[in-house]
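Read-outs: derived from the displayed coordinates by stated rules, not from any lab. As the structure is a computational prediction, the values presented were derived from the model and not from experiment. Note that we place each Cβ from the backbone using ideal geometry, even for glycine, and neighbour counts take in every protein chain shown.
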Amino acid sequence: MEIKTYFRYIIILASGFLMLASCKKNSVGLDYINKPVVEAFLVPGQPLSVKVYTQKDLADTAVYGAALTGLNLSVSDGSKSVQLTESASGVYTNADLAFITSGKSYTLQFTYDNVVVSASTTMPGKPVGFKLTDSVFYVPVTIDPAYATKVLATATWTNPDSLNYVLLFKNTDSDPFNIITVRSNNKPSFQVNTEGAAIYNMTQSSFNYYGHYQVILLRVNDEYINLLKSNSRGSSQNLTNPPTNVNNGLGIFTAMQSDTLALRVTLKQ
Amino acid sequence: MQFRCKENVPLMKKFSLLLLISIAAYHQAQSQQTQQKLKKITIDHFFSCQLDLLFDTLAMDHHLRIVFDRQPLHEMDVVEHFFEEPLKDVLAKVCNENGLKYWIESSGTIYILKNTDDLARLKQMNQLNLKSKDAIKAKKEIAAPLELPKHFLISLNGRVIDQLTGESLPSASVRIKNSELSTTTNSEGYFTLLRVPSDTSVVEVVYTGYQTDQFRLNSGNINSTLICGLYSSLNTLNEVTINGKKSGVMNTDSRQVGVLQLSPANLDKLPSIGDKDILRAFQLMPGVSGTNESSSGAYVRGGTPDQNLVLLDGFTIYQVDHLYGFFSAFNASAVKDVQLYKGGFTSKYGGRLSSVTEINGKEGNKNETNIGTDLSLLSASMNLETPLSPKSTLLLAIRRSYQGPLYDKIFKQFTASTTTQAGGGTGGRGLGGRGGFGGGFANQVTPSSYFYDANAKYTYTISQKDKVSWSLYTGTDKTDNSRDLGLPPGLSGSGAGIAITDYTKYGNLGSSIKWFRQWNKKLYSNNYITYSSYFNDRNRGSSGGSALDSNGIAHSINNTTLETNNLKDETFKSEWEWQADNKYKLLFGGFASHKKIDYEYTQGDTTQLINQHNNASLGGVYAELSIDPNSKFHIQPGIRTTYYGPTGRPYFEPRLSASYNLTDRLTVKGATGQFYQFENQVIREDILAGNRNFWVLSNNNNIPVGSSRHYITGLSYENDNFLVSLEGYYKTLSGLTQYTVRQTQTGGGGGFGGFGQNQTLTVTEDFYQGVGRAEGLELLVQKKLGRYTGWVSYTLAKAENKFSAFGNDYYAADQDVRHEFKSINMYHYQRWNFAATFLFSTGHPYTAPLASYTIKTADGNPTTYLTISDKNGERLPAYQRLDMSVSYDLLKIDGHKVGSIGLSLFNVYNHTNIWYREYQIQNNQVITTNVNYLGFTPNITLSLKWK
């Protein structure tokens, strides 16, 4: 019968397509999970310290993964290469303060699991012209939304080329007082990406805690900004791999320079 | 047996005269005549007899053809004295008293039915009777021509309408019997046939859900616009409501590629979650994904809903769903007809990459006022159709949800906690950033949320040739998940409460004025002025009275994030149709529009973070030639050109579709074309924390103009009972956009805080650009007639994207589904309709975290990062769902359906289908939460029409 013949053709055709479209197995896993995590911030005047550790299992409640010990780490500034020593487990250091200076590029290299892990960064210039309007910031008694955008104080610096700066507010009190309890999930110290600006405006709700602050202006590289920008909140609909500048690894190896001012945050009397 | 006759003699004479004339008249007139007879003939008669004798008497005395089962009726008695009662009332009365229904066929024959399913048998019986009585008459349903043909090769122009309501019927098939001439009606119900052999030819008009009408032309009726009024068929004639358009002998339907048509009238036979849903019904067909419960929008052939153009009476609808996507924004009672073009569509449409859904609104009843209502556990709707004057009609339809159990269930699905996979307990799911407050507090949720929509259409017929209609649609969803948090005393010391605001309002307002004109028999035009707007406002945040600080000083707080997206679209378009001759039809037109999109993202007590205002003007022309060199071959080349202001250059879109009838049952077809899209709906990454989606315009730098190419080929076989269709497609896409807003992290806190209210939040926008490709094969086997109808469909498909932001390889797109199997089964018994639909599909791809690590940045705060699998490298478990429904038709005494009562069971065996997974970090541990789709959900529906 006519219809049967057509059916047969269709079934043959359909099953042919089925076979063609058999799924390709994704080879995700192992590589990624085995990548070591590097954490290093190169600041002139501070000893070079690189932390290397493994990633954690999702259910692991430890802050850091297991330290990777016994590695041979070397950092080169292009002309000179230093071998780091393991000062604590998974922490590799070099005490030579003169090694980290302005204007140089640094390359980290080590072998892990028979794979060469490397990362490079360039020391940016030192911030210039960093000023605060006042060394004291007064928090108003009432946080009134009507004055949400009112500028109470500013931090300014020289930045004609719209370079990357991060402003770090470091609360130095041992037990800082909350300004508003319900914001308690914020930490006393925080940082702000100034996105190429030369000014930062402080408003009535800029601070969560009273106390003494070090206001540190950091001139940073792209890799640091990328790390800050990465969206770590997530559902399966939007996860992305966090950015890294470490080849065959994760984390960050970056250089930065800073300028520091003091600020006291107190209630307006 | 005794009865007295006292009849209305003059009327009788008049009608016998009419009867004589009507022999020459055509079918529908006969039905009309029977209707009129029923109204006009009055009975003054005492009956005391068996029912069959009563009908015999009536038939004989009034020259009616009444068909019934003699045996059962013979056992029924009637004792009744009728005083000057119209025949219609007499029929209704005796039928009602004996549990019978009557039904008037378009031939004028009256059938007396015990059960509606008896009709088919009685019809057969009638045919046999006629044959035995008069062999010649039975053979020829249509009377022979009264006179010899006078005119030859005439041009014929007509309009197909519903005889009862006067509503025009688009896409009806019209053909000249015993010739190769055929056509389909346009959106206004008009058709043109040229070179019709003679003025005695027989015209046949076919439209799903209506009785086929045949009539003979005569020298009188060919000169003006021929009005063909069709009568609806008895509901029991089991025609499938959705069909891959029927292939008549030679209508364009079989020749179009990937077109699905739906008439909403019979939607109540399919299971539904809430209301009758026109867009969701398409999801039961191959090529339209059926597993996206959270979107009424169409995922057509690997495309996304924003690549589907949705037109209602000529204006674009930008938001097609209600209540988180569970319900279509269109009220089925205001819709006449819907067509979905799955790809390779005509050059009349443009501006979208994937598909077109064209919805024609009802005009309203031209003959009498009718009121209807639809009730379900989710919403109530009312509709009114009325003639305002002999030339104008009005339709109004209003629908509003109420916070019944079903609404609450769906609402909670999106706002309440769900199952947790690993680790200990988790807090709230963090809708709108609730996570920060978590389960510890006593949340007092008092949401007040609703949606409503309203349709209005006013149609004014200026003359035979001109018609103006104004159509309005407005719909709004208001979702308020605001609540008060009673802070435990001791935390703040004051016990003061905090109000969480979480308020979303979105919707559409669209309107069009359409002027239809028939310039002459060959030329028609539609001119539109349309306006469409879309808005989406989201306001979330917290405010509180006095919270004490650690110095004992009270502060009031107010943290609000406001997001608004506004789109305005003003368009003028002109569409023309010129039937050059039977082989050539030219479609052409032009359009100009101005679009304006605003997007603002403001944080209440800081500053405006994103502030975008974009304008675009675009305009263009299109032309398409529809060629039918012979009755087997059809080819339709077209071109569309759009000049898009922001990029300052024209875009050319050549299109081509063709079909060839290998036999009269087997057709091969193909289509190809270039498509551009100038606006994108972007889905925010943090789908629950922000605006779910909003529209942006393409520009010259970061948002490219989308471009796609379609290659489609297909084969279809159709006989009276079955339709088998196989279509394959391949599409390439470029200029795809993915949008992400990233918060520049401050204040540490792990970054998962959600409601953290970092007072120094800054936001950066990124648009990722990418390319894509999609391919697939669709098989449909459909049984069209009988007690059991339905279809089985299988889709094998693949949709891949490549965004450099995610790597250099193609990865499975979010909407990619490899296998999709659908089985739709409908069984009809008397006035009962049973349906069961089963869906099975491969799970959607997703990205999973594999491991985590922590970095302590310069401020000393540790932040946890997730190492993830390849983009969309994992698959959710397969999706499966069985829905069932039963409905009971409510019939009037004359057999017309006035409504139905139905029970729908959604996801009968309560299968857990995962929508997506969410990851939260608590105590440095990653906790996975499954966010699921709806489980078992019953629903009751009631649909009623006054007339």
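Shape analysis of region B:306-370 places it in the oblate category; the axes a ≥ b ≥ c from the Cα gyration tensor give an a/c of at least 1.5, with a/b not above b/c. Per residue of B:867-879, other chain Cβ atoms within 10 Å of the residue Cβ number 4 on average. Assuming R0 = 56 Å, can you tell me the calculated FRET efficiency for the pair B:Q769 and B:S224, based on Cβ-Cβ distance, to the nearest 0.05? That gives a FRET efficiency of 0.45. Listed from fewest to most Cβ neighbours within 10 Å, the set B:Y452, B:Y717 follows the order B:Y452, B:Y717. Legend: ranking of residues B:M285, B:M125 from fewest to most surrounding C-beta atoms inside 10 Å; resulting order B:M125, B:M285. Given axes a ≥ b ≥ c from the Cα gyration tensor, I'd like to know whether region A:29-122 is rounded (a/c under 1.5), prolate (a/b larger than b/c) or oblate. The shape class here is prolate.
Is there a pair in B:K269/B:K798; B:K342/B:K412; B:K40/B:K947; B:K348/B:K522; B:K467/B:K573; B:K568/B:K731 whose C-alpha atoms are over 24 Å apart, and which pairs would that be? Beyond 24 Å: B:K269/B:K798; B:K342/B:K412; B:K568/B:K731.
Taking 0.36 nm per residue of sequence separation and removing the Cα-Cα distance, the A:Q269/A:Q83 pair yields an extension gain of 61.4 nm.
Averaged over the residues of peptide B:362-374, the number of Cβ atoms from other protein chains lying within 10 Å of each residue's Cβ is 0.
Taking label points 7 Å from Cα along the Cα-to-Cβ direction, B:F936 and B:N178 give a separation of 6.2 nm.
Highest mean first, the peptides B:152-163, B:810-821 sorted by other C-beta atoms within 10 Å per residue fall in the order B:810-821, B:152-163. Residue-wise HN-Hα couplings along region A:253-258, as the Karplus relation 6.51 cos²θ - 1.76 cosθ + 1.60 with θ = phi - 60° gives them from phi, are 9, 9, 10, 8, 10, 9 Hz; Gly and Pro carry x. Take the alpha carbon gyration tensor of region B:152-233, find the square roots of its eigenvalues, order them as a ≥ b ≥ c, and report rounded if a/c is under 1.5; if not, report prolate when a/b exceeds b/c, else oblate. Prolate, because a/c is 1.5 or more and a/b exceeds b/c.
Inter-chain neighbour count for A:188-196: the average number of beta-carbon atoms from partner chains within 10 Å of each residue's beta-carbon is 6. Ordered by the count of other Cβ atoms within 10 Å of each Cβ, fewest first, A:M123, B:M76 give B:M76, A:M123. The amide H of B:V817, built 1.01 Å from its N in the peptide plane, has B:A799 as neighbours under 5 Å, considering only residues 5 or more places off or on other chains.
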